[in-house]
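What follows is a single structure, written as structure tokens, with notes after it.
The values are calculated or read from the model by the stated rules, or taken from the named source; none is laboratory data. What you are looking at is a predicted structure, and each value in this text was computed from that prediction instead of being measured. No Cβ is skipped: glycine too gets one built from the backbone with ideal geometry, and neighbour counts run over all protein chains shown.
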Amino acid sequence: MTALYIVLAASAFAIIWIVTSNQRKKRKRQQIVSQPFPKEWRQILRNNLPFFYKMPTDLQLQLKDKMQIFLAEKDFIGRKGQDITDEVKVTIAAQACMLLLNRATDFYPFLKTIVVYPAAFITRHNHYDASGIQSEEPRVLLGESWNRGQVILSWTDSANGGADFEDGHNLVIHEFAHQLDGESGVTNGAPPLSAEQDYEQWAKIMSQEFQELQRKASTGENTLLDKYGATNPAEFFAVATEIFFEKPQQLKELHSEIYQQFQQYYCINPAEW
Ligand SMILES: [Zn+2]
């Protein structure tokens, strides 16, 4: 009886602790967005992120709020001599927060730190290639997303992604799509969906399209989606997300079912911007 009482008391305490810390977080976020958006940051948006002013006005305002919270909660670390300036932080935050518009979000809850290199960097940890073979060979990367706590980015490529938002390639969007994907506990191309969205439908469409890209990659046919997406379902989701934001009309035309699923998942309709 005493043991049961202790378990119940501990569970009640845990629930109260979660509820109050969520309330605290919510209040803190409200306080952050009540602060004015700094003038210098607005200038960086104007200089580095021309797409920002093509978005509907309500989404521009929302993006600024989300950026303020993101920048207050995440740490940035520079490596290999990379300075962490407002320009670096704002340029990365604006692109990362594009994936959070209109959605109930906890702001990449597993992510603590964004590590920034001046350009491409070398990693040496174990990885699996497209055929599933594990290797410890050093690799040159532009970006990387870890399941727990870190996104690593090349500043040159993050800046280029913001400057040209129509070429179908966006490093920041790619790596942060992996973060969303990982919120389910595994990074496998199936992020947690909202209650209204159907998992079966998602899985059916994504696996059909993934197999189609794999087939075209093997025959060398032209594809809208980068063939790197044929590596595995997680890369497919990240690559398709880049196209959803950067070439929405073409995605809608050539892969209407992916577009529809993403329109529901990301709660935006960029083909109309
Ligand atoms: Zn990737």
Problem set entry | Tally of residues being over 20 Å from ARG139 (Cβ atoms) and within 13 Å of the chain's Cα centre (by Cα) across the range 154-175 | 2
Problem set entry | In the range 204-224, the residues that are among the hydrophobic types (A, V, I, L, M, F, W, C) and either outside any loop (DSSP other than H, G, I, E, B) or touching an Asp or Glu at 6+ places or on another chain (Cβ under 8 Å) (or both) | ILE205, MET206, PHE210, LEU213, ALA217
Exercise. Is there a residue being more than 19 Å from PHE176 (Cα to Cα), touching a residue at least 12 places away in the same chain (Cβ under 8 Å), buried (at least 17 other Cβ atoms within 10 Å of the Cβ) and within 16 Å of the ligand (Cβ to nearest atom) anywhere in the range 215-225?
Worked result: yes
Exercise. LYS39 versus (1) more than 22 Å from ALA238 (Cα to Cα); (2) surrounded by 13 or more Cβ atoms within 10 Å (Cβ to Cβ): which is the lone unmet condition?
Worked result: (2)
Problem set entry | Options GLN201, GLN179, GLN208, GLN197; residue that is polar (S, T, N, Q) and within 16 Å of the ligand (Cβ to nearest atom) | GLN179
Problem set entry | Unmet criterion (only one of (1) closer than 19 Å to VAL88 by Cα; (2) at pLDDT 95 or above) for ALA177 | (1)
Seminar exercise, completed: Over the range 225-257, the set of residues assigned to a loop (DSSP other than H, G, I, E, B) and of a type outside the set (Asp, Glu) is LEU225, THR231, ASN232, LYS247, HIS255
Exercise. Somewhere in the range 39-51, is a residue within 24 Å of GLN263 (Cα to Cα) and at pLDDT 95 or above?
Worked result: yes
For this session: Identify all residues within the range 235-273 that are within 16 Å of the ligand (Cβ to nearest atom) and of a type in the set (A, V, I, L, M); write none if there are none.
Result: ALA238, VAL239, ALA240, ILE243
Seminar exercise, completed: In the range 30-87, residues that are closer than 23 Å to TYR266 by Cα and either of a type in the set (S, T, N, Q) or out of contact with any helix residue (DSSP H, G or I) (no Cβ under 6 Å at 6 or more places or on another chain) (or both) total 17
Exercise. In the range 147-203, what count of residues is obtained for those that are in contact (Cβ under 8 Å) with a residue 40 or more places away in the chain and assigned to a helix (DSSP H, G or I)?
Worked result: 19
Seminar exercise, completed: THR231 passes all but one of the listed conditions (1) surrounded by 17 or more Cβ atoms within 10 Å (Cβ to Cβ); (2) away from the ligand (no atom under 15 Å from the Cβ); (3) farther than 29 Å from PHE70 by Cα; the exception is number (2)
Exercise. For GLN60, all conditions in the list (1) farther than 17 Å from PHE176 by Cβ; (2) surrounded by 16 or more Cβ atoms within 10 Å (Cβ to Cβ) hold save one; what is the number of the exception?
Worked result: (2)
Exercise. Can you name every residue in the range 184-211 that is surrounded by 15 or more Cβ atoms within 10 Å (Cβ to Cβ) and acidic (Asp, Glu)?
Worked result: GLU209
For this session: State all residues of the range 103-146 that are modelled with pLDDT of 80 or more, part of a loop (DSSP other than H, G, I, E, B) and surrounded by 18 or more Cβ atoms within 10 Å (Cβ to Cβ); if no residue qualifies, say none.
Result: TYR108, LEU142
